[in-house]
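Take a look at the structure set out below.
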Amino acid sequence: MEPPTLPLHTQLLQMASGYWLSQCIYVAAKLAIADHLKAGEQSCRALAHLTETDETALYRILRALASVGIFQETAPQTFALTPLADFLRSDHPRSMRGSVVMLGEPEHYEAWSNILHSVKTGEPAFDHRYGQGVFEYFGNHPEAAAIFEEAMNSFSRNEEPEILAHYDFSAFSTIVDVGGGYGELLGSILAKYPQLQGILFDEDYVVDNAAPTLNRHGVGDRCQRIGGSFFNKIPAGGDAYLLKHIIHDWGDDQAIAILQNCRAVLPDDGKILICEAVVLEGNQPSGAKMLDINMLVMCPGGKERTAAEFETLLAAADLKLTRIVRTTEEICVIEACKA
């Protein structure tokens, strides 16, 4: 028997109160509850002791999460992992803990609480709340930057298998990962294709901390790390320039400038590979449509784009869209060459 359909007003209220649930998930991720449960079920008293929290308050959080399938109350005030909760484990191969923590941290959550400012002005709510742009803020706040980079790694761990399964990198010799963070995706590509060389390019404070990720993939000796800004100059020497979740951070003018800088060092037979979500037209549900609102709130002109918008953007940088390789996730590989 199918569960009864909730009244429309109740459905709307559930949607409107969605941040209640997201903040509960954040608390569980921040406290590493899933890590404490990976060896087996634990009493709430034991979990409260391990996490230095109030036992009654923690129980109320875990009870609420168990009601939606995140954790399971196996006996009174005793909890165990569920398939959903597994993804909150730090050691899960597709762990989402980093992403969940980032989304619940004050920098993200408080920016979203100012979303009306973005809608009225078109400007990032983050800048309004913190008085500076998000990337400038990360440069000045190393702890927040580390949380952000771990979140990006978290996304990469789920997106990179899809990219590797659907796009063939074997034709290239050197891949330059522009704004590549700690090198999670580039490291995976180099590990799969041992003939390839890599260049990881990002801000100094990022690439200075990228060695552990590259070494974990066993590719540290095949990947050069270069610090700098993609608004100034991008390293030459690649025949493929990879931009994953970079173009969506910026408005059209800045995005075109980044693409033009890539084109300036792109060989005639080279490729630019933009890894982003592509917004579906019409009323179809799409995670990209909500991610687009996050870009509105967090980034200066940031947005998700449709296929037609990508084609127009690339043309403005004297590039030509050659194909869009879709995956079973939201992430796509948007391939371009010199026009």
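The values are calculated or read from the model by the stated rules, or taken from the named source; none is laboratory data. These figures come from a predicted structure and were not determined experimentally. Here Cβ is always computed from backbone atoms with ideal geometry, including for glycine, and neighbour counts include all displayed protein chains. Just so you know, the surface numbers come from the protein's heavy atoms only, side chains and all, with ligands and any DNA or RNA stripped out. Shrake-Rupley method; radii C 1.70, N 1.55, O 1.52, S 1.80 Å.
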Exercise. Would you pick out the residues in the stretch 184-205 that are over 16 Å from residue 173 (Cβ atoms), out of contact with any Asp or Glu (no Cβ under 7 Å at 6 or more places or on another chain) and open to solvent by less than 10 Å² (accessible area, probe 1.4 Å)?
Worked result: 187
Exercise. Residues in the stretch 321-329: is at least one farther than 30 Å from residue 115 by Cβ, surrounded by fewer than 21 Cβ atoms within 10 Å (Cβ to Cβ) and among the basic types (Lys, Arg)?
Worked result: yes
For this session: Please give the number of the condition residue 255 fails out of (1) in a helix (DSSP H, G or I); (2) over 20 Å from the mean Cα position of the chain (by Cα).
Result: (2)
Exercise. Can you name every residue in the stretch 44-54 that is open to solvent by less than 60 Å² (accessible area, probe 1.4 Å) and either farther than 19 Å from residue 76 by Cβ or out of contact with any Asp or Glu (no Cβ under 9 Å at 6 or more places or on another chain) (or both)?
Worked result: 46, 51, 53
Exercise. In this structure, is residue 111 buried (at least 18 other Cβ atoms within 10 Å of the Cβ), at negative phi and modelled with pLDDT under 95?
Worked result: no
Exercise. Pick from the stretch 76-103 the residues that are farther than 21 Å from residue 294 by Cβ and in a helix (DSSP H, G or I): which of them is farthest from the chain's Cα centre (by Cα)?
Worked result: 83
Exercise. Right, residue 264: surrounded by 15 or more Cβ atoms within 10 Å (Cβ to Cβ), over 20 Å from residue 214 (Cα atoms), among the small types (Gly, Ala, Ser) and out of contact with any Cys (no Cβ under 7 Å at 6 or more places or on another chain) or not?
Worked result: no
Problem set entry | Sole exception among (1) in contact with a helix residue (DSSP H, G or I) (Cβ under 7 Å, 6 or more places away or on another chain); (2) part of a helix (DSSP H, G or I); (3) of a type outside the set (Val, Ile, Thr); (4) open to solvent by 40 Å² or more (accessible area, probe 1.4 Å) for residue 225, by number | (2)
For this session: Take the stretch 283-330 and flag every residue that is in a strand (DSSP E or B), without any contact (Cβ under 8 Å) to a residue 24 or more places away in the chain and of a type in the set (D, E, K, R).
Result: 320, 323
Exercise. Quick check: is even one residue across the stretch 164-176 part of a helix (DSSP H, G or I), open to solvent by less than 50 Å² (accessible area, probe 1.4 Å) and touching a residue at least 40 places away in the same chain (Cβ under 8 Å)?
Worked result: no
For this session: Search the stretch 1-23 for residues that are in contact (Cβ under 8 Å) with a residue 60 or more places away in the chain and pair each with any residue that is not small (Gly, Ala, Ser) when their beta-carbon atoms are under 7 Å apart and the residues are at least 6 apart or on different chains.
Result: 22/103
Problem set entry | Hey, residue 195 assigned to a loop (DSSP other than H, G, I, E, B) and more than 19 Å from residue 257 (Cα to Cα) or not | yes
Problem set entry | residue 118 vs. criteria within 19 Å of residue 248 (Cα to Cα), open to solvent by less than 50 Å² (accessible area, probe 1.4 Å), in a helix (DSSP H, G or I) and in contact with an Asp or Glu (Cβ under 9 Å, 6 or more places away or on another chain) | no
Exercise. What are the residue pairs meeting all of these: first residue in the stretch 71-92, first residue more than 16 Å from residue 29 (Cβ to Cβ), second residue of a type in the set (Asp, Glu), Cβ atoms under 9 Å, and 6 or more apart or on different chains?
Worked result: 72/41; 74/41; 75/41; 77/55; 78/41; 80/41; 80/73
Exercise. Would you say residue 78 is of a type in the set (Val, Ile, Thr), open to solvent by 40 Å² or more (accessible area, probe 1.4 Å) and modelled with pLDDT of 95 or more?
Worked result: no
